[in-house]
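Q: Quick one: the structure is below, questions incoming.
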């Protein structure tokens, strides 16, 4: 099934969302290295839940990026799977950011108690 026959052009659709995509990419490029650095500074011998979550987010980001590239290049015509991969990565990233924000808020509260 050719989706462009129905009036959908992936390059136009991706172009319309380029501002949103670039904003999210900029946010992720700042947040992920900071979170990875914070996770790597822990001295625990077993991986903690935050570092596992970070690895999962990074993995799903790579999967989503590859799915979008494959769809844009015409290697796959399954838009549904592409959008599911992007939505999954977005939800995982938002959850990671929320957990990070809660941890920072808890740290600030504890530091103010001193």
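Q: I'd like to know if region 60-71 contains one or more residues that are out of contact with any helix residue (DSSP H, G or I) (no Cβ under 8 Å at 6 or more places or on another chain), in a helix (DSSP H, G or I) and modelled with pLDDT under 90.
A: no
Q: A further question on this structure: I'd like the full set of residues that are surrounded by 10 or more Cβ atoms within 10 Å (Cβ to Cβ) and farther than 23 Å from residue 58 by Cβ, limited to region 72-104.
A: Passing the criteria: 74, 77, 78, 79.
The values are calculated or read from the model by the stated rules, or taken from the named source; none is laboratory data. Source: prediction; values computed, not measured. Quick reminder, even Gly has a Cβ in these numbers, built from the backbone with ideal geometry, and neighbours come from all protein chains shown.
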